[in-house]
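Structure record follows, encoded as structure tokens.
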Amino acid sequence: MHPFLTFGRLSLPVYGLLAVFAAVFCVILLAYTPLRRGIPREDIIYGAFYGIIGAIIGAKGLYLLTLFPEIF
């Protein structure tokens with residue numbers, strides 16, 4: 001697997017790009033699922049938004065936790 005996709009001077013990390021695609025796909029999928037179950041669409045969108053924010057904060061927290069010995 002290639003760690004980066006390069007388009008001229010632009011270089012994108014594949015892992016981050018796929019994570020963004022997965023998050024967008026999940027939000028789109030979850031936007032249409034509640035219509036069959038009677039759940040308000042806004043609740044699903046807010047839940048997905050808070051889930052993505054929580055994942056970003058958790059990833060940064062784990063990153064800082066692994067660097068803790070080098071920081072101090």
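The values are calculated or read from the model by the stated rules, or taken from the named source; none is laboratory data. Quantities reported herein were computed from a predicted structural model and do not represent experimental measurements. All Cβ positions, even for glycine, are placed from backbone atoms using ideal geometry, and neighbour counts span all protein chains on display.
Considering only region 9-72, give the helices (runs of 4 or more DSSP H) lying wholly within it that have at least 3 residues that are hydrophobic (A, V, I, L, M, F, W, C), surrounded by 12 or more Cβ atoms within 10 Å (Cβ to Cβ) and at pLDDT 80 or above.
The qualifying helices (runs of 4 or more DSSP H) are 14-32, 41-66.
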Of all the residues that make up region 51-72, how many are more than 30 Å from Val27 (Cα to Cα) and charged (D, E, K, R)?
-> 1
Out of all the residues in region 28-46, which are of a type in the set (Gly, Ala, Ser) and touching a residue at least 12 places away in the same chain (Cβ under 8 Å)?
-> Ala31
